[in-house]
Amino acid sequence: MAIPVKLEAFEGPLDLLLHLIEKNKVDIYDIPIVEITQQYLDYIKQMEAQDMNIMSEFLVMAATLIDIKCRMLLPLDVNEEGEEEDPRAELVQKLLEYKMYKYMSLELKDRQVDAARNLFREQSLPEEVASYRAPINYEELIGDTTLVKLQEIFRSIVRKQEDKIDPIRSKYGNIEKEEIDMEAKALFVEAYIREHKHISFRKLLEKERSKMEIIVTFLIILEMMKVGKIIISQENIFDDILIEAC
């Protein structure tokens, strides 16, 4: 009659390997691969093959252990630095990472359990206590302050504000941007010149209402002269400039 054996449940092949290492009390950096491999194979033989997905993970690890065992029997490979490579190095790295994450998860679980035991109660005060306000002693609040001292404080604040004012820029008015439609203005000037044929440049500018319109009109005249739409003439220096449509 077979003796029933109760097996522990492991989360995966790395969990089983870590259990065997801790059970045998061996150094994780110097795993006795032959002994651990044999114990690992003995364990998976006793596992029930009901879930093939889980069993496949354990079998892959078994194949990895056997591969490492075979490479341990052969001469070790030498890396570029001339040092012998340990076939167990990659497995040891995976075990260390798994051990770290496992212990971190256990620590977080313990903290979650401890947090569940903490109870918090909202603050509850009687209405008369919550609405209580300490009486104000106006004599203590004012102290030795007098109207003269208050006036001095007010004047010092006003002086500080006045010192912040720029004596030059404060006299400027508000600078507003004047919008002028260049295209419409150019059409107007061109139509005006063609209508009058010969006009005075001075009289043309006198019709403008602002400095900005004068500047824009002057630029338009220069552009029309450049493209050959008008001819500019002046008989003598300081005489009026005459504009003639081409």
Would you compute the Debye intensity of region 68-140 from its alpha-carbon atoms alone, equal scatterers and no solvent, and pass along log10 I(q)/I(0) at q = 0.13, 0.15, 0.26 Å⁻¹ to two decimals? -0.74, -0.81, -1.13
If I model a spin label at R121 and C70 as a point 7 Å from the Cα along the Cα→Cβ vector, what separation in nanometres do I get? 7.0 nm
If the chain between E152 and M104 were fully stretched, how many nm would it gain, using 0.36 nm times the residue separation less the Cα-Cα distance? 10.6 nm
Describe numerically, in nm with one decimal, the distance between label points set 7 Å from Cα along Cα→Cβ at Q38 and at E22. 2.4 nm
So for region 112-160, what percent of the C-alpha to C-alpha distances run longer than 17 Å? 69 percent
Which semi-axes, in whole Å and largest first, does the equivalent ellipsoid of region 182-245 have when worked out from the alpha carbon gyration tensor as the square roots of 5 times its eigenvalues? 17, 14, 11
Separation in nanometres of the label points that stand 7 Å from Cα toward Cβ, at Q234 and Q46: 11.4 nm
Charge context of I68, other residues only, Cβ under 14 angstrom, K/R +1, D/E -1: -3
Please list, in order along region 67-77, the HN-Hα scalar couplings obtained from phi with the Karplus expression 6.51 cos²θ - 1.76 cosθ + 1.60 (θ = phi - 60°), rounded to whole Hz, x for Gly and Pro. 5, 5, 4, 5, 5, 5, 7, 9, x, 6, 6
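None of the figures in this text is laboratory data; all of them are computed from the coordinates on show. Keep in mind the model is a prediction, meaning the values are calculated, not measured. Ideal geometry is used to build each Cβ from the backbone, glycine not excepted, and the neighbour counts take in all protein chains shown.
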